[in-house]
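Student: Encoded as structure tokens, here's the structure I'll be asking about.
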Amino acid sequence: MLDPAIQDNAMGPWAPRHVSWFEMGCYFGGAMLVAALGTWWILQRGGRLGLDEPDARRKLHEKAVSRLGGAPIFLAVGLASLVAGYIGGLGWTRWLPLAVCNALIFSVGFVDDLKPLGAKVKLVGQIGTALILYSLGVSIDMLSNPFGDGTLALGWWSLPLTLIWLVSIPNIVNLIDGMDGLAGGFGLFLCLTLAFLGYYSHQPDVLVVSLSMAGALAGFLIFNLPPAKIFLGDGGAYLIGFFIASVSLFTSNKGSVIGALLVIVIALGVPILDTLFAIIRRAIRGVSIFNADAEHIHHRLILLGYSKGGALAAMYAVCVALSLVGVSILLTRGHALPVTGAFLLLLALGTARYLGYIRSWSNFRTQIDEVMERRRQREFFRAYGRVLDFEVERCEDLQSFSTLFQHGLERMGLSAHSHPGGKPEVLKLGDGRSFTLYRPIDATDLSEWHLRLDVLLPALERCLEKWKALPAGTEAGSAAAPLISPPSVTA
């Protein structure tokens, strides 16, 4: 059975009270209005801060788009929370830890939107914020048995489980933020689910805060639906994810948390599945799990012929359905859990097949072999990229390095010169310069070629640092280097 404490009204010094439908509408509508006006103001101001520039690879929007959409959402939720605490009489003392930590996690992402911090710095910020919240008393201390009576005291496991919960959800939300309206819409449905949990467990403060976030996201989505005029950015994605993760810990009594977390995990089924596919896909290919690609679920749906609006509607529908499934587990006090588990397993397998992650069950081994061959080819490119990076340090002048660079390109089947049968690819360097290479036209995916070509960026950046110039051999009229295929790599 699910934890019966979820229906317990005892909340210490805070005394719950009834929230009318009119008040609910005011909090939702007020937050929606503030977020919409704030987003409109950002769009009117324009400017050069926080712009997401198209790169002709993954970012295919026509012009630069602001990534500061998290700011009006943060403002709207903050104002609604203050109104609820000081005017609505819903109390605010127990929410101070969440308010402080949600502000911190938003700040980490917002700073990154203005000037990239790097994945490691952001991860440190996320873990630090989660540790602060844990030290302030918000944690998972016990888990109840969803199939019967009794609870399990976590002991020292409380810390790692709480950290995993608080860090993973923001990153999952950020990972799916690759399509107009997707992360914001998912956040809206999840916050409405949290609002229901607050209503069901007789916690009007959870209800009001969740409705406020849902309203803020609704106001933002006015400008974020395809074609988006503004993006969430890391600030907005981290705020949504951390809000969901932290507030879900408040939908039951401190420590004995199972029903609310289970509902949220199931409601997050689509982004969790997308994250799982991404981790498996990148692990098999031998690339970092933080390496962005264009093979998420929404990308696959578009490749299958869905319009952006159609793909978005389909994913919204699945998110709503999974939210209802999660709520059903709570309402049936865990009796629906076995059926739900089987359903989710079949959903994962069917999704993998439908989206083409698995082309055929009968030829699954062949597909794995093809993937491993591409991985070996990528490792070959990566090795040559590192060699060229080291050669920059060893060479005394740019001319001697240029000779080695040309040889390395030949070994990788590339050329620095235009030639029949060559496809130009532009590498963007850190100082704004670009370097054009020509690759063979073959059946290899474009994203795969981008991964291979990017290994040359460190060596080119070092050239700029050491000699303030790029390798010679790209001048007009110079002889084209012969193009030969890279040596075959066998298992």
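The values are calculated or read from the model by the stated rules, or taken from the named source; none is laboratory data. Treat the numbers as computed from the prediction; the structure is a model and nothing was measured. As a convention, Cβ positions derive from the backbone with ideal geometry for all residues, glycine included, and neighbour counts pool all protein chains shown.
Student: Out of (1) part of a helix (DSSP H, G or I); (2) within 32 Å of the chain's Cα centre (by Cα), what's the single condition that is false for Val392?
Tutor: Of the numbered conditions (1) part of a helix (DSSP H, G or I); (2) within 32 Å of the chain's Cα centre (by Cα), the odd one out for Val392 is (2).
Student: Is one or more of the residues making up the range 470-477 without any contact (Cβ under 8 Å) to a residue 24 or more places away in the chain, of a type in the set (Gly, Ala, Ser) and farther than 28 Å from Arg281 by Cβ?
Tutor: yes
Student: From the list Leu33, Leu79, Leu60, Leu37, which one is closer than 25 Å to Val173 by Cβ, surrounded by fewer than 21 Cβ atoms within 10 Å (Cβ to Cβ) and at pLDDT below 65?
Tutor: Leu60
Residue-wise test of (1) closer than 18 Å to Asn174 by Cα; (2) modelled with pLDDT of 85 or more; (3) assigned to a loop (DSSP other than H, G, I, E, B); (4) acidic (Asp, Glu).
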residue	(1), (2), (3), (4)
Val206	no, yes, no, no
Ala214	yes, yes, no, no
Gly241	yes, yes, no, no
Ser252	no, no, yes, no
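Student: Among the residues of the range 440-447, are any surrounded by 12 or more Cβ atoms within 10 Å (Cβ to Cβ), over 21 Å from Ile284 (Cα atoms) and in contact (Cβ under 8 Å) with a residue 12 or more places away in the chain?
Tutor: The answer is yes; a qualifying residue exists.
Student: Within the set of pairs 6 or more residues apart or between chains, which connect a residue that is without any contact (Cβ under 8 Å) to a residue 60 or more places away in the chain and over 20 Å from Ala183 (Cα atoms) inside the range 157-169 to a residue that is part of a helix (DSSP H, G or I) and β-branched (Val, Ile, Thr) with Cβ atoms less than 9 Å apart?
Tutor: Filtered contacts from the range 157-169: Leu163/Ile127.
Student: As an exercise: evaluate Phe277 against (1) over 16 Å from the mean Cα position of the chain (by Cα); (2) hydrophobic (A, V, I, L, M, F, W, C); (3) crowded, with 18+ Cβ neighbours inside 10 Å; (4) at pLDDT below 85 and give the number of the one condition it does not meet.
Tutor: Tallying (1) over 16 Å from the mean Cα position of the chain (by Cα); (2) hydrophobic (A, V, I, L, M, F, W, C); (3) crowded, with 18+ Cβ neighbours inside 10 Å; (4) at pLDDT below 85, Phe277 fails exactly one: (1).
Student: Continuing with the same structure: Give the residue that is farthest from Val167 (Cα to Cα), with candidates limited to residues of the range 95-106 that are out of contact with any Ser or Thr (no Cβ under 8 Å at 6 or more places or on another chain) and buried (at least 17 other Cβ atoms within 10 Å of the Cβ).
Tutor: Per the stated criteria, the residue is Pro97.
Student: Could you tell me whether any residue of the range 158-176 is assigned to a loop (DSSP other than H, G, I, E, B) and closer than 19 Å to Leu123 by Cβ?
Tutor: yes
Student: Look through the range 412-425, keep the residues that are surrounded by fewer than 16 Cβ atoms within 10 Å (Cβ to Cβ) and modelled with pLDDT of 85 or more, and return whichever of them is nearest to Asp389 (Cα to Cα).
Tutor: Keep residues of the range 412-425 that are surrounded by fewer than 16 Cβ atoms within 10 Å (Cβ to Cβ), which gives 418-421, 423-424.
From what's left, modelled with pLDDT of 85 or more: 423-424.
Values: Lys423: 24, Pro424: 22 Å.
Among those that are surrounded by fewer than 16 Cβ atoms within 10 Å (Cβ to Cβ) and modelled with pLDDT of 85 or more, it is Pro424.
Student: Further, regarding this structure: Report, by residue number, each residue of the range 307-357 that is among the polar types (S, T, N, Q), part of a loop (DSSP other than H, G, I, E, B) and over 26 Å from Pro226 (Cβ atoms).
Tutor: Once the filter is applied, which keeps residues that are among the polar types (S, T, N, Q), part of a loop (DSSP other than H, G, I, E, B) and over 26 Å from Pro226 (Cβ atoms), the range 307-357 yields only Thr332.
Student: Another question, if that's okay. Can you pull out the residues in the range 128-144 that are farther than 14 Å from Ala99 by Cα, out of contact with any Asp or Glu (no Cβ under 9 Å at 6 or more places or on another chain) and surrounded by 13 or more Cβ atoms within 10 Å (Cβ to Cβ)?
Tutor: Matches in the range 128-144: Gly128, Leu131, Ser139, Ile140, Asp141.
Student: Can you tell me which of Thr490, Thr436, Thr474, Thr444 is in a loop (DSSP other than H, G, I, E, B), among the β-branched types (Val, Ile, Thr) and either at pLDDT 85 or above or farther than 30 Å from Ile368 by Cβ (or both)?
Tutor: Thr474
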